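Before any comments, here is the structure.
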Amino acid sequence: MKSVFLSSLFILSISGKTSAQEIVKRDPLISGFIGQISSDTLSAYVKKLVTFGTRSTLSNTTDPKTGIGASRKWVLDKFLEFSKKSDGRMTAYLDKWTLEPDGRRIDAKIEMENVMAVIKGTDPTDNRIFMVSGHIDSRVTDVMNRTSDAPGANDDGSGTVAVIELARVLAASKFPATVIFTVFSGEEQGLLGANYLAKKAKSENWNLVALLNNDIMGSNNSNETNIIDNTRVRVFSEGIPAFETDKKVGAIRQFGYENDGHSRQVARYVKEIGERYVDNLEVVMIYRNDRFLRGGDHTPFVTEGFAAVRMSEMNENFLHQHQDLRTENGVEYGDLHKFMDFEYLRKNVAVNLATLANLAFAPAVPEDVMIDVQGLGNATNLHWSAPKQGKAAGYYVLMRETHQSFWQKKFYTENLELKLPYSKDNYIFAVQAVGAKGHESLPVLPRVNAARRN
Ligand SMILES: [Zn+2]
């Protein structure tokens with residue numbers, strides 16, 4: 001049996017037939033979308049966001065020109081403008097609620113709004129949702145300051161304009177699954193908008209398969225050095241899911257699945273698909289949920305049991321985050337447009353687009369993925385059933401050594417089982433469903449049962 005390493009992009013075909021899946025190719029449709037992402041447009045959007053003065057969640061919600069209310073209305077208007085290209089499939093709205101003072105970061109009753117745009121999937125039987133997000137609220141040094149200029153160009157103007165640009169480019173797209181674009185409020189006051197939506201998604205049983213959260217992703221240097229790094233972007237993901245029960249953690253320990261939680265699988269997918277489509281960019285997986293001393297809007301979703309990751313620039317410049325605008329000893333503080341790199345931001349938006357589009361075009365994950373362990377032996381037998389949504393043209397069985405971070409081999413088959421001459425004791429396996437045009441689902445690790453199900 002011949003096989004080759006994944007990095008060479010060739011894949012072993014088990015059937016012996018030549019198929020599109022033997023060589024991983026870019027889908028020209030996705031590449032076309034990526035070609036429409038514009039660094040000039042991203043720059044113009046950030047400039048516009050800065051004109052609202054402050055976007056503190058505690059700032060004015062009714063003034064037509066300044067404050068968070070006006071900024072949210074502007075985003076809504078952009079979404080509504082894009083929806084005209086969508087044949088009625090894209091809708092946009094403000095998801096509103098009210099919060100009372102909490103003795104912490106809310107000192108008065110506030111009107112909250114998340115800005116939402118939804119591209120409904122074309123397949124009425126497909127309830128899967130893929131979501132991308134950023135947060136519109138900004139802050140200065142004092143998180144309770146509701147009046148001083150807080151440009152928030154990068155934190156999180158970058159994530160906000162990423163979401164707007166993705167909505168612009170994808171508005172007319174036809175995915176079988178639903179894609180949601182979310183601009184959160186209240187991140188700096190304690191992840192308020194994300195908490196609200198994560199709880200809603202949970203209580204309404206959304207089939208939210210993955211969330212890509214973008215926060216601080218458009219600046220290319222750290223405050224300690226002048227080294228420019230615009231060829232790497234970080235994706236943060238947790239390992240052992242926060243919501244796992246003790247029983248599940250026992251199984252994770254037994255089978256060595258501690259590096260394979262749902263969010264970690266999404267991160268690995270972002271790396272593979274992002275690097276497939278975006279040139280001159282490396283996606284760096286960070287094996288932790290977030291940075292020290294900081295939080296992000298993916299976390300409430302992780303806590304509710306959804307797969308969610310955070311995308312952030314490689315190096316952060318803390319002189320340009322959460323700072324009053326000022327110059328001290330010749331050093332300029334503040335989160336300003338001029339400190340950003342819009343070509344770098346464009347690439348990071350492209351990683352989001354490639355991941356979202358590949359997921360939303362792909363069939364759902366294979367069901368009932370099992371690994372046979374009835375007998376001792378040095379081969380591995382995997383079997384599964386077809387996905388519930390979408391049509392699989394075939395399947396990839398992924399394989400890596402237990403100490404490796406990334407999938408090393410990928411076997412293509414059109415059957416619902418595969419026997420491999422590799423010992424299940426020495427490798428981690430997973431199965432992806434693949435559509436006719438090569439879009440892969442997220443991978444599913446096999447459950448281990450002595451008896452075959454179904
Ligand atoms: Zn932020």
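The values are calculated or read from the model by the stated rules, or taken from the named source; none is laboratory data. For clarity, every value in this text was computed on a predicted model and none was experimentally measured. Positions of Cβ are backbone-derived with ideal geometry, glycine not excepted, and every protein chain shown enters the neighbour counts.
Output the residues belonging to segment 89-113 that are under 19 Å from HIS135 (Cβ atoms) and among the acidic types (Asp, Glu).
If the condition is that a residue be under 19 Å from HIS135 (Cβ atoms) and among the acidic types (Asp, Glu), then ASP95, ASP102, GLU111, GLU113 are the ones that fit.
Pick from segment 156-182 the residues that are closer than 22 Å to VAL50 by Cβ and in contact with a Lys or Arg (Cβ under 8 Å, 6 or more places away or on another chain): which of them is surrounded by the fewest Cβ atoms within 10 Å (Cβ to Cβ)?
Filtering segment 156-182 for residues that are closer than 22 Å to VAL50 by Cβ and in contact with a Lys or Arg (Cβ under 8 Å, 6 or more places away or on another chain), the one surrounded by the fewest Cβ atoms within 10 Å (Cβ to Cβ) comes out as ARG168.
Residue by residue, here is whether (1) in contact with a helix residue (DSSP H, G or I) (Cβ under 9 Å, 6 or more places away or on another chain); (2) not in a loop (DSSP other than H, G, I, E, B) holds:
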site	(1), (2)
PHE52	yes, no
ARG72	no, yes
GLU81	yes, yes
GLU113	yes, yes
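Looking only at residues in segment 183-213 that are within 16 Å of the ligand (Cβ to nearest atom) and over 16 Å from TRP97 (Cα atoms), which one is surrounded by the fewest Cβ atoms within 10 Å (Cβ to Cβ)?
Looking at the filtered set, the residue picked out is GLU188.
Got a sec? Which of THR125, THR61 is more than 21 Å from the chain's Cα centre (by Cα), crowded, with 17+ Cβ neighbours inside 10 Å and among the β-branched types (Val, Ile, Thr)?
THR61
Would you mention how many residues in segment 214-231 are in a loop (DSSP other than H, G, I, E, B) and either among the hydroxyl-bearing types (Ser, Thr, Tyr) or within 16 Å of the ligand (Cβ to nearest atom) (or both)?
8
Going through segment 306-338 one residue at a time, which ones are of a type in the set (Gly, Ala, Ser) and touching a helix residue (DSSP H, G or I) at 6+ places or on another chain (Cβ under 7 Å)?
Once the filter is applied, which keeps residues that are of a type in the set (Gly, Ala, Ser) and touching a helix residue (DSSP H, G or I) at 6+ places or on another chain (Cβ under 7 Å), segment 306-338 yields ALA307, ALA308, GLY334.
Considering only residues of segment 232-246 that are away from the ligand (no atom under 16 Å from the Cβ) and modelled with pLDDT of 95 or more, which is surrounded by the fewest Cβ atoms within 10 Å (Cβ to Cβ)?
Result: ARG232.
Does any residue of segment 263-272 turn out to be away from the ligand (no atom under 16 Å from the Cβ), surrounded by 19 or more Cβ atoms within 10 Å (Cβ to Cβ), within 15 Å of the chain's Cα centre (by Cα) and polar (S, T, N, Q)?
Within segment 263-272, one or more residues are away from the ligand (no atom under 16 Å from the Cβ), surrounded by 19 or more Cβ atoms within 10 Å (Cβ to Cβ), within 15 Å of the chain's Cα centre (by Cα) and polar (S, T, N, Q).
Identify, by number, the condition in (1) more than 16 Å from the ligand (Cβ to nearest atom); (2) over 13 Å from the mean Cα position of the chain (by Cα); (3) buried (at least 22 other Cβ atoms within 10 Å of the Cβ) that VAL249 doesn't meet.
(3)
Please specify each residue of segment 311-339 satisfying the condition of being hydrophobic (A, V, I, L, M, F, W, C) and part of a loop (DSSP other than H, G, I, E, B).
The answer is MET314, LEU325, LEU336.
Would you confirm whether any residue within segment 303-310 is touching an Asp or Glu at 6+ places or on another chain (Cβ under 9 Å), closer than 23 Å to THR57 by Cα and in a loop (DSSP other than H, G, I, E, B)?
Checked against the condition, which is being touching an Asp or Glu at 6+ places or on another chain (Cβ under 9 Å), closer than 23 Å to THR57 by Cα and in a loop (DSSP other than H, G, I, E, B), segment 303-310 yields no hits at all.
Residue by residue through segment 26-47, note down the ones that are in contact with a helix residue (DSSP H, G or I) (Cβ under 7 Å, 6 or more places away or on another chain) and more than 16 Å from ASN352 (Cα to Cα).
THR41, SER43, TYR45, VAL46, LYS47
Filter segment 280-302 for residues that are at pLDDT 95 or above, part of a loop (DSSP other than H, G, I, E, B) and either surrounded by 14 or more Cβ atoms within 10 Å (Cβ to Cβ) or touching a Pro at 6+ places or on another chain (Cβ under 8 Å) (or both) and give the result.
LEU281, GLY296, ASP297, HIS298
May I ask you to list pairs of residues, at least six apart or on different chains, whose Cβ atoms are under 6 Å apart, with the first in segment 155-169 being within 12 Å of ASN213 (Cα to Cα) and small (Gly, Ala, Ser) and the second being in a helix (DSSP H, G or I) and within 16 Å of the ligand (Cβ to nearest atom)?
From segment 155-169, the pairs are SER158/LEU345.
Within segment 414-451, track down each residue that is of a type in the set (Val, Ile, Thr) and surrounded by fewer than 20 Cβ atoms within 10 Å (Cβ to Cβ).
Residue satisfying the conditions is VAL448 alone.
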